[in-house]
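Peer 1: Questions regarding the structure given below will be posed in turn.
Just so it is clear, none of the values below were taken in a lab; they were calculated from the coordinates. It should be emphasised that the depicted structure is a prediction, and the values quoted were computed from it without experimental measurement. For neighbour counting, all protein chains shown are included, and Cβ atoms are generated from backbone atoms with ideal geometry for every residue, glycine included.
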Amino acid sequence: MTLEQDLIVIGAGPAGISAAITASQHGLKVTLIDEAPIAGGQIYRATPQEWTPNTNGSPDQDLDDGNSLRDSLSKSNITHLTNHVVWAVAPGFEVRAVSDSKEIKLTAKKLIVCSGVTERILPFPGWTTPGVIGLAASTNLLKSQQILPSREPVIAGSGPLLYAVANAIIEAGGKPVAIADVGSLFDWVVSLPKLFAAPALLIRGLIWRARIFKARITVLHRHHVARVYGDDKVESIELMPIDANGTPLPKKKNIKIKSTSLIVGHGLIPSLEITRLLKAKHVFRAERGGWIPELDAFQRTSVSGLYVAGDCGGISGAKTAALSGTIAGLQASFDSGMITEKIFQDLYAPTESKRNKAERFGKRMGKLMSIRSGLLEGLTPETIVCRCEDITYGQIMDAVNAGAADCNEVKAWTRGGMGPCQGRTCGETIAEIVTRQVGDRDKAGFFTARVPLRPCTIDALAPVCSYDDIWNSDVAKVATAILPAENTEYKNSKK
Amino acid sequence: MQSHLPQLAPLRRECKLPETKTDLRIRGKFQRGKPVEFTFDGITVNAFEGESIATALLAADIVSTKLSVDGYPRGPVCHMGSCQECAVRIGGRKTLACKTKVSQGLQVEIDGLKK
Ligand SMILES: Cc1cc2nc3c(=O)[nH]c(=O)nc-3n(C[C@H](O)[C@H](O)[C@H](O)COP(=O)(O)OP(=O)(O)OC[C@H]3O[C@@H](n4cnc5c(N)ncnc54)[C@H](O)[C@@H]3O)c2cc1C
Ligand code: FES
């Protein structure tokens with residue numbers, strides 16, 4: 001099935017919803033696609049349809065904000081495809097998505113990518129032990145599944161989510177055993193002036209800290225996980241003091257804590273598979289989450305007709321995401337000739353100033369979550385770096401020492417990053433390891449984006465079963481059109 | 001199917017729905033869906049409609065849900081469909097436990113072989 005649209009928006013978080021609503025208000029025919037069953041994105045991830053809210057439940061700001069976004073979405077003319085995973089995108093633009101073993105093809109002249117972020121978890125010995133889960137993952141469990149990741153976890157990593165998760169666990173009746181913050185108290189204090197840009201969020205953060213203090217939970221600043229003990233389940237966690245760069249301080253004492261759960265996260269990474277497939281220009285900005293697409297003040301990328309909004313254009317939080325979405329929607333409407341320059345300017349100016357204000361807070365948060373390269377210095381040769389293929393730090397170092405000069409070479413030599421997660425989990429780590437050798441992240445590069453962007457069953461894509469049928473199917477044509485040079489040999493042999 | 005996991009003691013336990021302090025489910029804000037029963041590697045697990053398989057397993061204290069390519073135990077990490085560490089098998093097909101909802105009578109098998 002092919003659907004022709006004026007505009008496709010990928011990702012129904014605050015950015016995508018705002019972009020789609022704005023463009024639709026100005027008369028564009030818009031389709032919004034998301035793999036989730038309900039709109040909202042990560043921060044406003046909804047509870048399942050099968051559940052009903054209790055009227056006497058405690059107030060929840062994120063839930064209310066999410067509901068009001070969903071409400072405006074349902075009142076619009078937007079075609080909202082839920083449960084659809086985008087697995088391929090081609091220039092021009094053609095978007096392919098699968099749901100329940102059915103494939104759909106959409107085309108449009110304009111594309112806004114609002115695919116959000118994934119969590120960065122840097123490895124440490126024992127991090128693959130079952131029971132070690134993500135910090136952002138925990139917010140998801142607490143919000144949308146209404147379940148505690150654990151009653152007495154150790155919480156470690158960086159950024160505001162540390163305290164958000166600890167607070168939510170306390171509120172739900174649990175008690176974290178300890179919080180190990182990679183940042184120092186000083187890092188937080190110097191951030192304060194910038195955080196005044198969003199007083200409501202600042203107050204919320206201070207309330208979290210007060211509650212954590214009142215619950216007498218140990219907060220260890222400048223600490224990182226040294227090792228997790230346990231084979232098929234976490235048994236205890238050793239924390240170690242680190243310096244500002246994350247490098248372990250061996251002269252100071254480590255602390256060993258008994259707990260069956262470790263919640264850990266070292267910031268967020270923009271999801272760039274789609275903008276990479278479309279060959280948009282990217283730049284490296286550690287404080288914005290790492291690699292980000294190069295954007296102008298109107299959310300335009302270097303590719304004509306392609307816009308990016310929200311955290312996947314650089315970490316800045318939900319408020320900025322929504323405002324940048326509105327700007328992208330406005331710009332796409334203007335570029336499609338739906339509004340005059342005057343109307344555009346009148347609507348753009350106030351949104352831009354709000355966005356810039358929200359960004360001051362958001363960028364500071366992004367900075368607190370940016371990667372500290374010293375955190376990888378506690379790795380042992382046996383530590384697994386690529387979880388999908390069980391590739392160790394030792395194997396990666398062997399490749400680097402033997403001359404692998406960028407991420408893709410390490411991938412080709414070791415298989416690290418070649419598994420089903422497409423390097424989303426280990427990409428950052430491998431890039432940092434290579435950077436130590438080659439000098440900077442620009443030289444280290446990044447894993448080439450590949451289709452399918454997410455694993456999908458072959459029968460969903462090609463309900464035909466002989467190899468030739470698959471080869472002649474649309475899927476294969478798209479795949480070979482997008483895949484880089486290494487596949488041309490096979491392509492040519494088929495000609 | 002024979003289990004490949006003789007060494008994982010926690011998996012062998014019957015899983016009840018505890019209403020006690022050790023229960024991880026947050027009650028109060030929402031009325032969950034209907035209670036359902038499914039099996040994981042032959043063990044009966046109780047859950048509520050709307051929950052993901054990963055959530056139900058977490059609530060049942062089953063954290064080791066997969067074996068990696070080299071046979072090491074693994075469990076869900078990202079709960080958002082990114083890391084692929086929650087892969088399980090349903091009807092022989094690989095599925096993400098964090099992205100698949102539980103349903104009555106579902107037979108979920110562990111993914112991967114012990115080396
Ligand atoms: C797991 C997680 C939890 C988080 N929790 C919080 C929190 O509690 N508080 C907070 O302030 N911030 C949180 N964040 C940060 C969050 O990124 C921002 O606050 C905010 O959600 C950004 O909005 P966005 O619109 O840019 O992207 P998102 O809200 O992330 O929305 C992106 C959407 O794109 C969809 N998508 C991506 N790729 C595809 C694809 N290939 N096919 C189909 N759909 C796709 C995703 O399903 C998602 O719904 C969290 C981040 C993560 C990863
Ligand atoms: S837990 Fe990461 S994909 Fe399911």
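Peer 1: Suppose we take every Cα in segment A:266-374 and form the convex hull; what volume per residue is that in Å³? Before the final figure, lay out the partial values.
Peer 2: Details: hull volume 9.4 nm³, N = 109.
Normalising the Cα hull of segment A:266-374 by residue number yields 87 Å³.
Peer 1: Any chance you could check the Cα centroid distance between segment A:68-114 and segment B:69-103 for me, in angstrom?
Peer 2: Rounded to whole Å, the Cα centres lie 25 Å apart.
Peer 1: Restricting to DSSP H runs of at least four residues, report the calculated mean residue ellipticity at 222 nm for chain A, -39500 (n - 2.57) per run over all residues, nearest 500 deg cm²/dmol. Can you show the working numbers first?
Peer 2: Values: 17 runs with 185 residues, N = 495.
Taking each H run of at least 4 residues, the total per residue is -11500 deg cm²/dmol.
Peer 1: For segment B:38-49, take each phi angle, set θ = phi - 60°, evaluate the Karplus expression 6.51 cos²θ - 1.76 cosθ + 1.60, and give the result in whole Hz per residue in order, putting x for glycine and proline.
Peer 2: Computed from phi, the couplings for segment B:38-49 are 9, 10, 10, 6, x, 8, 7, 10, 8, 7, 10, 3 Hz.
Peer 1: What's the ranking of B:43-49, A:99-105, A:406-412, A:119-125 by average number of surrounding C-beta atoms within 10 Å, highest first? Each step should come with its number before you reach the end.
Peer 2: On the way: B:43-49: 19.4, A:99-105: 14.0, A:406-412: 21.0, A:119-125: 24.9.
Per-residue Cβ counts within 10 Å, averaged per peptide and sorted highest first, yield A:119-125, A:406-412, B:43-49, A:99-105.
Peer 1: Which value, to two decimals, describes the C-alpha radius of gyration of segment A:379-458 once divided by 2.2 N^0.38 Å? Kindly include the intermediate steps, with their values, before the conclusion.
Peer 2: On the way: Rg = 12.1 Å, N = 80, 2.2 N^0.38 = 11.6 Å.
So segment A:379-458 has a normalised radius of gyration of 1.04.
Peer 1: Taking amide H atoms as placed 1.01 Å from N in the peptide plane, list the residues 5 or more away in sequence, or in a different chain, whose amide H sits under 5 Å from that of A:V303.
Peer 2: Those qualifying (amide H under 5 Å, at least 5 residues apart or on another chain) are A:K281.
Peer 1: Quick one: Karplus J couplings for segment A:79-91, per residue in order, coefficients 6.51, -1.76, 1.60, θ = phi - 60°, nearest Hz, x for Gly and Pro?
Peer 2: Along segment A:79-91, the couplings run 7, 10, 8, 8, 6, 10, 8, 6, 10, 7, 9, 10, x Hz.
Peer 1: Have a look at the DSSP beta bridges in the protein assembly as shown and tell me what percent are antiparallel, nearest 5. Could you put the intermediate results ahead of the total?
Peer 2: On the way: 51 of 86 bridges.
So the antiparallel bridges in the protein assembly as shown amount to around 60 percent.
Peer 1: Follow-up. Name the long-range amide H neighbours of A:Y44: under 5 Å, sequence gap of 5 or more, or other chain; modelled H, no Pro or chain starts.
Peer 2: Under 5 Å from the amide H of A:Y44: no residue qualifies.
Peer 1: Rounded to whole Hz and in sequence order, give me ³J(HN,Hα) for segment A:379-385 from the Karplus expression 6.51 cos²θ - 1.76 cosθ + 1.60, θ = phi - 60°, writing x for Gly and Pro.
Peer 2: Going residue by residue, I get 6, 9, x, 7, 5, 6, 9 Hz, with x marking Gly and Pro.
Peer 1: Rounded, prolate or oblate: pick one for chain A, where a ≥ b ≥ c are the square roots of the eigenvalues of its C-alpha gyration tensor, a/c under 1.5 means rounded, and failing that, prolate if a/b is larger than b/c, else oblate. Spell out each step's value before the answer.
Peer 2: Values: a/c = 1.64, a/b = 1.18, b/c = 1.39.
Cα axes put chain A in the oblate bin.
Peer 1: Can you grab the distance from the C-alpha centre of segment A:195-214 to the C-alpha centre of segment A:382-459, Å, no decimals?
Peer 2: Measuring centre to centre over Cα atoms gives 38 Å.
Peer 1: In the neighborhood of A:V89, defined by Cβ-to-Cβ distances under 9 Å, what is the net charge if each Lys or Arg adds +1 and each Asp or Glu adds -1?
Peer 2: Values: positive: A:R96; negative: A:E94, A:E273.
That sum, taken over residues with Cβ under 9 Å, equals -1.
Peer 1: Considering all alpha-carbon pairs of segment A:121-266, what whole percent are spaced by more than 29 angstrom? Before the final figure, lay out each step's value.
Peer 2: Working: 1322 of 10585 pairs.
When all Cα pairs of segment A:121-266 are counted, 12 percent exceed 29 Å.
Peer 1: For A:P53, what is the net charge nearby, where nearby means another residue's Cβ is under 10 Å from its Cβ and Lys, Arg count +1, Asp, Glu -1? Please report the intermediate quantities before stating the final value.
Peer 2: Values: positive: B:K29; negative: A:D60.
Taking every Cβ under 10 Å from that of A:P53, the sum is 0.
Peer 1: I would also like to ask the following. With Cβ to Cβ distances under 15 Å as the rule, what net charge do the other residues near A:T247 carry (K, R +1; D, E -1)?
Peer 2: On the way: positive: A:R222, A:K251, A:K252, A:R372, A:R436; negative: A:D243, A:E377, A:E432.
Summing Lys and Arg as +1 and Asp and Glu as -1 gives +2.
Peer 1: Sticking with this one: Going down the list A:K194/B:K99; A:K105/B:K66; B:K29/B:K101, which pairs span over 26 Å between their C-alpha atoms? Walk me through the numbers on the way to the answer.
Peer 2: Numbers: A:K194/B:K99 37 Å; A:K105/B:K66 33 Å; B:K29/B:K101 20 Å.
Violating the 26 Å Cα-Cα cut-off are A:K194/B:K99; A:K105/B:K66.
Peer 1: Could you work out the percent of alpha carbon pairs in segment B:33-110 separated by over 14 Å, rounded to a whole number?
Peer 2: On the way: 1659 of 3003 pairs.
When every Cα pair of segment B:33-110 is considered, 55 percent fall beyond 14 Å.
Peer 1: Summarise the partner chain shielding of A:45-52 as one whole number: the mean count of Cβ atoms from other chains within 10 Å of each residue's Cβ.
Peer 2: Numbers: counts 2, 0, 4, 10, 4, 10, 9, 4.
Mean inter-chain Cβ contacts per residue within 10 Å come to 5.
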